[in-house]
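Some notes on the structure that comes next.
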Amino acid sequence: MSSVMSLIKSFVPGLAPVSLGERLRAASGALIGILMTGVVSGLALGDSSALPSLIAPMGASAVLLFAVPTSPLAQPWSILGGNTVAALIGVTCARWIDDPMVAAALAVGLAIAAMMVLGCLHPPSGAVALTAVLGGPVIHAAGYGFVIWPVGVNSLLLLTVALVFNNLTGRRYPHLATPPAPNPHRTVDPLPSARLGITKEDLGAVLKQYDRVVPVATDELEELLHRAEIRAYDRRSGGVTCAEVMSRDVATVGTKTRLKAALRRMREHHVKALPVIDSDRRVVGIVTQTDLLDKADWGTAAVGSGLGWRLRAIGGSGRTPKGVVEDIMSTRVRTATPEMHIAQLVPMMADTGLHHLPVVDADGRLVGIVTQSDLMAAMFAVTAHDGPESSVALAG
């Protein structure tokens, strides 16, 4: 009995687990999409027409557009281009080939080939080609008009609902590839997180060797692999959190602190950034050494112009900046929480060029700060504890 159950389970595809909320979202989207497409098409067509207001392949299109909206098979060009090409090929085969079975088989095969060449592969389009051949006298009488109605109109209406519904429910659609984040140092080097582990070039080479259609966008696949790498490091590091590595006695300033005092505090504590807090210790900004260099008013004297002079002023006893902290502080501050694992911070800080990350509680109050030095020390401690084998694993 157990062998029979194992055999049965082996036929069940290994779909990625999704939450109940995502299942309901997809089902609701398909319901609304098909209903709106059918109702609008019916109203536009009227009762006098023999043409159907809704064709069966739209049900399969709805599965893709609402259940897997990030798939390359579900993108706007896929449904519009795929259904149009398949309908054209299906009508042509129905007109020129007398045997319906031969015409149907040829229509589906040619439709798949054409869609792959044009980059608009859409599985339900195979059913569109089949419908053009085997749809009956009404479809045959419509001729190439079948491409416009109902195929074109149905596809456009369903796509419109998918665009609105997916974006309203938090699913980016269409799934356009996001451009790579620019290097904060404005160099051609890849971001630090892209220099080790699985790179885009590695993924592209493997997919080329795989030589099969993968129904997942390559940028999404890359993101999933990147998250898996972070999770693997988090597991190997024992889930070290910010609370374990952060500095708790943090040098801070207020919005009305004079820049001269802020500069003095940086020198006293040998730090390059100061969180700016209000009376309740909530983080309202951050002021860095770079802010003092680039944004502060150093006076208008000719002798005090230029980056070199300002660097000497900070390092010695030269002219001091004028104004208060709120004049130059950065107000868009990225923060972490005490429970956040350092595996999440490493790529974030490395790729964005952040050197200091304030740590706040649930109310936004400052409880500590994590620096790149803190992360390096934590990673070294984890590697040293696990031994040389772990060092190799972490490096790759």
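No lab work stands behind these numbers, since they all come straight from the coordinates. Because the structure is predicted, anything quoted here is derived from the model rather than measured. So basically every Cβ, Gly included, is an ideal-geometry build from the backbone, and we count neighbours across all protein chains shown.
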L293 versus I148: modelled label distance in nm, points set 7 Å from Cα along the beta carbon direction: 6.5 nm
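What number comes out for the charge environment of G254, summing +1 per Lys or Arg and -1 per Asp or Glu over other residues with Cβ under 12 Å away?
Values: positive: K256, R258, R265, R281, R282; negative: D278, D280, E326.
Summing Lys/Arg as +1 and Asp/Glu as -1 gives +2.
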Distance cut-off 25 Å, percentage of C-alpha pairs in the range 18-168 lying past it: 28 percent
Label-point separation, K322 to A105 (7 Å along Cα→Cβ), nm: 8.9 nm
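Please arrange H140, H122, H356 by counting, for each residue, the other beta carbons lying within 10 Å of its beta carbon, fewest first. Don't skip to the answer; put the middle values down first.
Numbers: H140 15, H122 29, H356 22.
Listed from fewest to most nearby Cβ atoms, that is H140, H356, H122.
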Rounded Å value of the spacing that divides the Cα centres of the range 357-375 and the range 66-118: 55 Å
Virtual spin-label span in nm between A243 and H269, 7 Å along Cα→Cβ: 2.2 nm
Cut-off 18 Å (backbone N to label point 7 Å along Cα→Cβ of T218), residues of the range 108-144: 116-121
Length gained when the stretch V68-L134 is fully extended (0.36 nm per residue, less Cα-Cα span): 20.9 nm
Difference of contour (0.36 nm per residue) and Cα-Cα distance, S279 to F380: 32.7 nm
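Once the piece of chain linking A60 and L225 is laid out straight, how much longer is it, given 0.36 nm per residue of separation minus the C-alpha distance between them?
Working: separation 165, 0.36 × 165 = 59.40 nm, distance 2.88 nm.
Here the segment from A60 to L225 would lengthen by 56.5 nm.
Going by average Cβ neighbours within 10 Å, how do the peptides 240-253, 219-232 rank, with the highest at the top? Show your work: numbers first, answer last.
Details: 240-253: 17.4, 219-232: 14.5.
Per-residue mean Cβ counts within 10 Å order the peptides as 240-253, 219-232.
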